[in-house]
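The structure under discussion appears below in the form of structure tokens.
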Number of protein chains: 2
Amino acid sequence: MITPSREDYLETLFHLESEGVASTTQAIADHLQISAASVSENIKKMAIERFVVHSPYKGVKLTAKGRAVAIDVVRRHRLSERFLVDKLGIKWEEAHREAHRLEHGLSRAVEVRMFELLGNPETCPHGNPVPTLSGKIRDDHSHPLASLNVHDRARIVKITDEEPKQLRYLASIGLMPKTQIRVERKAPFGGAVIVRVGETAYALGNDIARSIWVRKTG
Amino acid sequence: MITPSREDYLETLFHLESEGVASTTQAIADHLQISAASVSENIKKMAIERFVVHSPYKGVKLTAKGRAVAIDVVRRHRLSERFLVDKLGIKWEEAHREAHRLEHGLSRAVEVRMFELLGNPETCPHGNPVPTLSGKIRDDHSHPLASLNVHDRARIVKITDEEPKQLRYLASIGLMPKTQIRVERKAPFGGAVIVRVGETAYALGNDIARSIWVRKTG
DNA sequence: CTCCTGATTTAGGTATACCTAAATCATACA
DNA sequence: TGTATGATTTAGGTATACCTAAATCAGGAG
Ligand SMILES: [Mn+2]
Ligand SMILES: [Mn+2]
Ligand SMILES: [Mn+2]
Ligand SMILES: [Mn+2]
């Protein structure tokens, strides 16, 4: 059996690779909140077990084997979030951390039944796709908020940030998946974006904007 | 944070003490399916941390501190079983082992919401009481099946056995909490009990009978 | 009351998963 | 084209949680 710790490493690698970030020792250490030395050791072991390929001093990449496990964990994570929010009424900004505990306790059988209970959900509460049982991840055809032009209308597809603080803020201004928005103004060179939600306009910093993915509707 | 392993030790001690079995090193080892040597070591540490009192070569007893944690784990275990059976449709004989994975992943907040979702259940699917949030365990006024006399009618309150094989058998003959039964015949000296369920009579061995608790109705 | 035996503990060992501090490496810029 | 600097790995250490084999103990049979 794969340990919870290992599951978290693989999940981290999946996230870094999805975001197009290089999976350096330091990036993994930051994400898991542990020392770079610990990551280095662990990666070495996971390379021996063929979950990753490791080019020392360069970086890490998931193998097909590692990716399969990672996607499995991501599926359990996102289903857990869905359950926590839809069935238990846990706040969406707390769902992520809670799901990180729950995800390791779901057997395949339980995961399958949970998927049904939740009505075969396609996304987590933050809009990220739930991988299929066979490990496929649907393309949601979304683009970064920053790719929109002034006066474009769009619908929020997903929020990739998982920080409770950010999520709480976004929820408070109604910025969640399915929300209809309009770009009012853009600062040059990837600066802030001014976005209208309902009647009100909000300025979103570069950091927060980068985690918002949309589909044009206008 | 208390580890899953520690939670399982405390849970085991709770069960042994409830059943009136002496919490010997060997009994704990059998229950957890690990070596007696491992148990001995671990108990020593848990005694230092005041979860138990240990009289070397004699046995172990939960302290108030240890009992509080144990009851907390038992609550999460029984709620997990309830959830698995009622909401996910997991078979009751598989609920126990699945719950053992799930129970360690529930935060207090999640446990509280889950309790509500399940309609404040008083028992697990096998009839064992769900401890209250404050750690109280309701008395269910039940007695061992063997305490009944011939021709007594009774209602099943709980099945304390957790073996899938036994549970599957009992379910197959309709012997579960709330089932109405009648004692047809008893072998002397704690031997088999012949019990009528609906139209059919079944002989229950001493072992299996000991795990069936009832309340007289006739 | 002594001895035997099974239960228990201790000794010594492994694997995971973390740590800090020291050594080593890659590369960017001066 | 060195060299210093930051990233990475290695060295050495701790804690948990398991193991088998050896030593020790306690209580019942004789
Ligand atoms: Mn996790
Ligand atoms: Mn999510
Ligand atoms: Mn457990
Ligand atoms: Mn139960």
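The values are calculated or read from the model by the stated rules, or taken from the named source; none is laboratory data. Since this is a predicted model, take the numbers as computed values, not measurements. Glycine gets a Cβ as well: all are built from the backbone with ideal geometry, and neighbour counts include every protein chain shown. These area figures cover heavy atoms from the full protein model, side chains too; ligands, DNA and RNA do not enter into them. Shrake-Rupley method; radii C 1.70, N 1.55, O 1.52, S 1.80 Å.
For every residue, the table says whether it meets (1) within 16 Å of ligand 2 (Cβ to nearest atom); (2) in contact with a Ser or Thr (Cβ under 9 Å, 6 or more places away or on another chain); (3) at pLDDT 95 or above.
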position: B:157; (1), (2), (3): no, yes, yes
position: B:160; (1), (2), (3): no, yes, yes
position: B:169; (1), (2), (3): no, no, yes
position: B:177; (1), (2), (3): no, yes, yes
position: B:189; (1), (2), (3): no, no, no
position: B:192; (1), (2), (3): no, no, no
position: B:206; (1), (2), (3): no, no, no
position: B:217; (1), (2), (3): no, no, no
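Taking the residues in the range A:36-53 that are open to solvent by 60 Å² or more (accessible area, probe 1.4 Å) and touching a helix residue (DSSP H, G or I) at 6+ places or on another chain (Cβ under 7 Å) as candidates, determine which candidate is farthest from residue A:109 (Cα to Cα).
Step one: filter the range A:36-53 for residues open to solvent by 60 Å² or more (accessible area, probe 1.4 Å), giving A:37, A:41, A:44-45, A:48-50, A:53.
This time we only want the ones that are touching a helix residue (DSSP H, G or I) at 6+ places or on another chain (Cβ under 7 Å), so: A:50, A:53.
Numbers: A:50: 26, A:53: 31 Å.
It comes out as A:53.
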Check: Does the range B:78-91 contain at least one residue that is among the aromatic types (Phe, Trp, Tyr), crowded, with 18+ Cβ neighbours inside 10 Å, more than 16 Å from DNA strand D (Cβ to nearest atom) and over 16 Å from the mean Cα position of the chain (by Cα)?
Finding: yes
Note to self: For the structure I just gave you, tell me whether residue A:144 is more than 14 Å from chain B (Cβ to nearest Cβ), in contact with a helix residue (DSSP H, G or I) (Cβ under 7 Å, 6 or more places away or on another chain) and crowded, with 18+ Cβ neighbours inside 10 Å.
What the structure shows: no
Notebook entry, point to check: When the range B:81-131 is examined, which residues are found to be assigned to a loop (DSSP other than H, G, I, E, B) and more than 21 Å from residue A:90 (Cα to Cα)?
Noted result: B:89, B:90, B:91, B:122, B:124, B:125, B:126, B:127, B:128, B:130, B:131
Checklist line | Matching residues, the range B:153-191, being assigned to a strand (DSSP E or B), over 18 Å from residue B:98 (Cβ atoms) and of a type in the set (A, V, I, L, M, F, W, C) | finding: B:154, B:156, B:157, B:181, B:183
Notebook entry, point to check: So which residues in the range B:92-138 are buried (at least 16 other Cβ atoms within 10 Å of the Cβ) and within 16 Å of DNA strand C (Cβ to nearest atom)?
Noted result: B:104, B:105
Check: Given (1) more than 15 Å from residue B:79 (Cα to Cα); (2) among the acidic types (Asp, Glu); (3) within 16 Å of ligand 3 (Cβ to nearest atom), where does residue B:98 come up short, assuming only one miss?
Finding: (1)
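Within the group B:59, B:119, B:127, B:66, which residue is within 14 Å of chain A (Cβ to nearest Cβ) and not aliphatic (A, V, I, L, M)?
Numbers: B:59 fails: within 14 Å of chain A (Cβ to nearest Cβ); B:127 fails: within 14 Å of chain A (Cβ to nearest Cβ); B:66 fails: within 14 Å of chain A (Cβ to nearest Cβ).
After applying the criteria, what remains is B:119.
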Item checked: Residues satisfying the stated conditions in the range B:148-159, i.e. in contact with a Lys or Arg (Cβ under 9 Å, 6 or more places away or on another chain) and either open to solvent by less than 30 Å² (accessible area, probe 1.4 Å) or among the polar types (S, T, N, Q) (or both) -> B:148, B:149, B:152, B:154, B:156, B:157
